[in-house]
1. 7 Å from Cα along Cα→Cβ at both residue A:121 and residue A:26: what's the point-to-point distance in nm?
2. Give me the number: length gained by fully extending residue A:166 to residue A:88, i.e. 0.36 nm times residue separation minus the C-alpha to C-alpha distance, one decimal in nm.
3. Sort A:11, A:58 so that the residue with the fewest other Cβ atoms within 10 Å of its own Cβ comes first and the one with the most comes last.
4. With a sphere of radius 12 Å drawn around the Cβ of residue A:326, what net charge do the other residues whose Cβ falls strictly inside it have (Lys, Arg +1; Asp, Glu -1)?
5. Please give, to one decimal in nm, the separation of the simple spin-label points placed at residue B:62 and residue B:27, each 7 Å out from Cα toward the Cβ.
6. State the answer as a single residue: which of A:300, A:228, A:182 lies farthest towards the positive end of the charge dipole of the protein assembly as shown, with beta carbon charges of +1 for Lys and Arg and -1 for Asp and Glu, about the Cα centre.
7. Considering the protein assembly as shown, what Rg and Dmax in Å follow from its alpha-carbon atoms?
8. Evaluate the charge dipole of chain A about its Cα centre and quote only its size in Debye, nearest 20, assuming +1 on the Cβ of each Lys and Arg and -1 on the Cβ of each Asp and Glu.
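We did not get these values from a lab; they are worked out from the coordinates using the rules stated. From a predicted model like this one, the values you see are computed outputs, not experimental measurements. Using ideal geometry, Cβ is built from the backbone for each residue, glycine included, and neighbour counts are taken over all protein chains shown.
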Amino acid sequence: MSNSQFHHTQTAHCESGVISNLLGHYGLQISEPMAFGIGAGIFFGHLPFVKVNGVPGTTYRIWPGAIFQRVCKRLGVKMESEKFSTPEKGMLALDKVIEAGIPVGLQSSVYYLPYFPPSYRFHFNAHNLVVYGKKDGQYLVSDPVMDTVTEIDPESLAQARFAKGFPSPKGKMYYPVHVPQSASFERPIKEGIQQACHFMLKVPLPMFGVSGIRYLAKRVRNYAENPGDRKATLYLGNIIRMQEEIGTGGAGFRFLYAAFLQEAAVLLKKEELSKLAGELTKIGDLWRNFAFAAGRVCKSRSADNISYKELSEMLLQCAASEDAFFRKLSQVKW
Amino acid sequence: MKKEEVPQDDDNLHEGTFKQIMYAVDNSGNYVQVQSAGWEPENIALGQAWEEVNEKVKAARASVDAGEISPVAYYMEKNLMDLPLLASYVGKFQWQIKRHMKPGVFKRLSPGMLQRYADAFKISVADLK
């Protein structure tokens, strides 16, 4: 069985990392922040009604798969993407493709990936990794958030690919069939920025974008009554984890997006974007302060009304800054 | 966040064996990738999530030993699952799973059904009982 040479680079976020690594394999060099920016990955959403293990969901990024789709569309990359009804079919198809020397992106559940530290292994089904070969019955894996390549046994991989729950990966695998040797980033950058601004400012629902941050702030203010101290610390803990755990680049993707703006500024020779990147860095620091304060509340396991109020104020400040930031970004002249 | 401010709090659950990438600015204000061993607030949040899991597992274990619920409930917690997730793994409705959590009903489950639970939990049927 042939093993294609695959160049692995560790990245912060799995989806933008897989894009960067996969396209790089075909000679289209795109950095992780660039992929994240062109895919308009930055977002915010708080969904109190969508509970995972009894804790409301919070996200700092767009839904899984969206970054991928957008980057491919904007850069003219053609992808083949398949889902399968049974693990047998899914593994067979995978073997066929890697035998042809094609590295394959896979959607999988973190829970069944033995190479992750046990402390990170929750049922999270939207992780992305690349399988680039098979050796002595083991699959060769380039997981973008790991610092080196690793291996996985077929059984674990099948379990990870066919995990149940939401979103169920159904063995989803994808690989490029046509990658342009070079692409102009100018238009994709512009479209990516405009789309990100739209999602942050214009979605007419209170749970999303900048208004989503205000919505969360309002709920945090009342955490002492609803859901009460014990649960509130779990809720806060989840917000922190979504913001700071692997794959966020720090501060809920804000630094990652700022890195994108900086790269875009150089590429398009637009000093304006570089200034905005500096502003977003400061907003990222606001988020980190929030996480720090929330972490203290979690540690003491309870908080008086004042600290919930303080946390709420901090969130409102984040919201106000992001509001101003994305308005400026949306007014950049192209 | 400056490069020097990237947190290196490695007193976490994975003992600093796993380093993640963060984006931070260097002295001239340019973004660079920096490895981070972990950050205190995240460590607290992660530790707390596991504590919650362990408490639930312990409580379920106690109830099983007291004969109040069946091992299905214990293994569900142990595998970090909730009702909807377990239901989709064994291909049953949630109310059926709840029923199977009654010790009396559990005792009468068919070998096939037990096997499905054992598969979902990655254990043997003997362990399940």
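1. Each label point is offset 7 Å from its Cα along the Cβ direction, giving 3.4 nm.
2. On the way: separation 78, 0.36 × 78 = 28.08 nm, distance 2.12 nm.
Value of the extension gain: 26.0 nm.
3. On the way: A:11 28, A:58 23.
Lowest count first: A:58, A:11.
4. Details: positive: A:202, A:254, A:327, A:328; negative: A:279, A:322, A:323.
Counting the neighbours of residue A:326, the net charge comes to +1.
5. So the label points at residue B:62 and residue B:27 sit 5.8 nm apart.
6. With unit charges placed on the Cβ atoms, the residue in question is A:228.
7. 22.8, 73
8. Numbers: 39 positive and 29 negative charges, 209 e Å.
In debye, rounded to 20, chain A gives about 1000.
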